[in-house]
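The values are calculated or read from the model by the stated rules, or taken from the named source; none is laboratory data. No experiment lies behind these values; they were computed from the predicted model shown. All Cβ positions, glycine included, derive from the backbone under ideal geometry; neighbour counts span all protein chains shown. Note: areas computed on protein heavy atoms with side chains; ligands, DNA, RNA excluded. Shrake-Rupley method; radii C 1.70, N 1.55, O 1.52, S 1.80 Å.
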Amino acid sequence: MRTRLTELLGIDCPIIQGGMMWVGRAELASAVSNAGGLGILTALTQPTPDDLRREIERCRSMTSKPFGVNLTILPSVTPPPYAEYRRAIIESGVKIVETAGYKPQEHVDDFKSHGVKVVHKCTAVRHALAAERMGVDAISIDGFECAGHPGEDDIAGLILIPAAADKLKIPVVASGGFGDGRGLAAALALGAEGITMGTRFCATVEAPIHDNAKQLIVANDERGTNLIFRKLHNTARVAKNSVSDKVVEILLSSNAKFDDVAHLVRGVKGRELLETGDLDAGLIWAGQVQGLIHDIPTVAVLINRIMCEAGEIIRSRLAAMVAYG
Ligand SMILES: Cc1cc2nc3c(=O)[nH]c(=O)nc-3n(C[C@H](O)[C@H](O)[C@H](O)COP(=O)(O)O)c2cc1C
């Protein structure tokens, strides 16, 4: 399959593994790249920029194919040293970056001036247009279905993807809710040049997380998510579990503040869940696509299955409808 995305990134399959805190490590990123997609390391999963340099080297020892690094820029009282992480990415010779979050301009400028291709991930067409003006190479647009931060507009992919494709000149990658070949074929039909998947890649053999977390994703259906932090205007979609239920309940009270749930939502607690398999330890990020996830294949089997299914739909099922309809 050739699309503007496969051409831009030098990959065989138009499938990106989105950056994922605690999950986007060399094991998963290299497996995705080896299977023909674009694997992505998550910069801030590494405690320091030097650890990121080592992780990039580790990934390079596991694949000769292109892979990228995600840099998520979130407003914070004590921000991580973003510029140093950026330097580590550039100096390590990584040629593709997925940026996400708040005001990426200074990062985009620096990456572009060093010949790094930037895929910016966002959740609104107006933000995508701003990123295009900044000079990014592609936009990954996350619909309301997605795991993580869907933004505050609540626009599902069915509208958001073609709305973005209509307005942008650079390639659009559809993100949020994708997990099989039907989704890939639909994304292409909607005007995207490929898909980004997060939750689906968590339920694979190579995802470096506890099996209990993978089984939870398989067991949950499409209703198995909670939207938290709505009233704080920092909405996040996470898997439904005892902790996210509690966060929703506490924040429903009219005078509740972030401080009332801070002890439940700390990143280290989510990490503990993923490492120990204690499903009540913290939050686990996952999207509505859980309803379409029924197994834990290797990444190679998954990507091959998605490509075959999408090809079959486009070549046979849809073509037959046009020919005989
Ligand atoms: C466990 C997990 C952690 C994530 N962490 C990040 C992150 O640190 N930065 C980021 O930009 N996106 C993050 N995401 C979002 C994904 O990159 C991707 O945009 C999203 O998962 C797409 O929706 P889907 O899960 O329906 O495929 C995360 C997603 C998951 C499932």
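Tabulated data
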| read-out | value |
| --- | --- |
| Kirkwood-Stokes translational diffusion coefficient of the range 81-208, alpha-carbon pairs, 37 °C, 0.692 mPa s, µm²/s | 217 |
| Kirkwood Rh in Å, taken over the range 234-325 so that all alpha-carbon pairs contribute | 16.6 |
| Solvent exposure, largest accessible area first (probe 1.4 Å, DNA, RNA and ligands not counted), of M197, M307, M1 | M1, M307, M197 |
| Cubic angstrom per residue, convex hull over Cα atoms of the range 208-253 | 83 |
| Of every Cα-Cα pair in the range 1-40, the percent that sits beyond 13 Å | 46 |
| Electrostatic dipole magnitude of the chain [Cβ: Lys, Arg +1; Asp, Glu -1; Cα centre; debye, to 20] | 560 |
| Ratio Rg/Rh, restricted to the range 266-320 and using Cα atoms, in which Rh is the Kirkwood radius | 1.22 |
| Over 20 Å (Cα to Cα) - which of K112/K167; K240/K269; K246/K269; K65/K167; K65/K121; K117/K214 fall in this group | K112/K167; K65/K167; K65/K121; K117/K214 |
| Mean Cα-pair separation over length for the chain, i.e. relative contact order, pairs under 8 Å, 6 or more apart, % | 16 |
| Cα-based Rg and Dmax for the chain, where Dmax is the largest Cα-Cα distance (Å) | 18.7, 61 |
| When the convex hull of its Cα atoms is projected in every direction, mean area for the range 164-225 (nm²) | 5.3 |
| Projected-area average for the range 74-137 over all orientations - Cα convex hull basis, square nanometres | 4.2 |
| Cα centroid separation - the range 93-108 against the range 115-130, whole Å | 9 |
| Per principal axis, descending, Cα span of the range 1-155 in whole Å | 42, 41, 30 |
| For the chain: accessible area per residue (Å², 1.4 Å) | 43 |
